[in-house]
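To start, the structure under review is shown below, and the notes come after it.
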Amino acid sequence: MLFDSVVYDTINFGGTDDNGIVWCISDIVGWWDTPPLNQDTISPTSKDGSVVTASTLAARALVMRGTGKANLGADPAAVFAAYDQLTGISWPLLSTKTLTVTEQGTSRTTSVVLAGSVRKQWAGELAFIFEIPLLAEDPRKYSLSASSVPLTGSGTVTNLGNYPTSPVITLTDG
């Protein structure tokens, strides 16, 4: 499995849930891509063409793809409930939700909105496949925990996100 776990809003798509449904995210298209850029250009009077004057990060489009299937001995009604649960993730409409992805023990999170209809389809008697289109208006991935180093010594702090972050230094009188 590519991911240790994937949690979207309140649904944990990693492993087996309390109802015996095995969730598996096979891919999150766009998760590993470089954040897209919005670039403003001007056309100078020379013949050299346009020049980029400013760049900002653009929204990151993501598509979460996965499967859900009944574990052996699971109640078949639980599969139908899980299938219907995917319909409910669109409510409330246009609300920002959290997507947290854990890969190789490192968790990163971003805020996303649903970017279209959840597509789902039966893939056997007690299994289904699905796609959830998402949009991260802030395309950066953030660590779930802050890193710190005591001021009494020197050290290195690793940024667990994917975007350069300025340090926050707090001094206390002790």
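The alpha-carbon of K69 sits under 17 angstrom from the alpha-carbons of these aspartates and glutamates, leaving out residues fewer than 8 places away in its chain: D17, D18, D27, D84, E125, E131. Heavy-atom accessible surface of the range 69-110, averaged per residue, reaches 58 Å², computed with a 1.4 Å probe. The 1.4 Å probe gives accessible areas that order R60, R108, R119, largest first, as R119, R108, R60.
A Förster radius of 45 Å, combined with the Cβ-Cβ distance separating A81 from A58, puts the computed FRET efficiency at roughly 0.75. Of D18, D4, the residue with the largest accessible area leads and the full order is D18, D4 (1.4 Å probe).
Stretched out straight at 0.36 nm per residue, the stretch from K97 to I169 would grow longer than its current Cα-Cα span by 23.0 nm. Think of the range 57-152 as having a plus end and a minus end, set by charges on the Cβ of Lys, Arg, Asp and Glu; of Q85, I129, A58, A58 sits farthest toward the positive end of this dipole. The chymotrypsin sites (Phe, Trp or Tyr not before Pro) of the range 109-147 include none that meets both conditions, a loop assignment by DSSP and at most 16 other Cβ atoms within 10 Å of the site Cβ.
Between I21 and N71, the built amide H atoms are under 5 Å apart, and every one of these is 5 or more places off in sequence or on another chain.
Surface composition of the range 52-117: carbon and sulfur atoms hold 57% of the protein heavy-atom accessible area at a 1.4 Å probe.
The values are calculated or read from the model by the stated rules, or taken from the named source; none is laboratory data. Since this is a predicted model, take the numbers as computed values, not measurements. With ideal geometry, Cβ positions are generated from the backbone for all residues, glycine too; neighbour counts draw on all protein chains shown. For accessibility, only protein heavy atoms count, side chains too; no ligands or nucleic acids. Shrake-Rupley method; radii C 1.70, N 1.55, O 1.52, S 1.80 Å.
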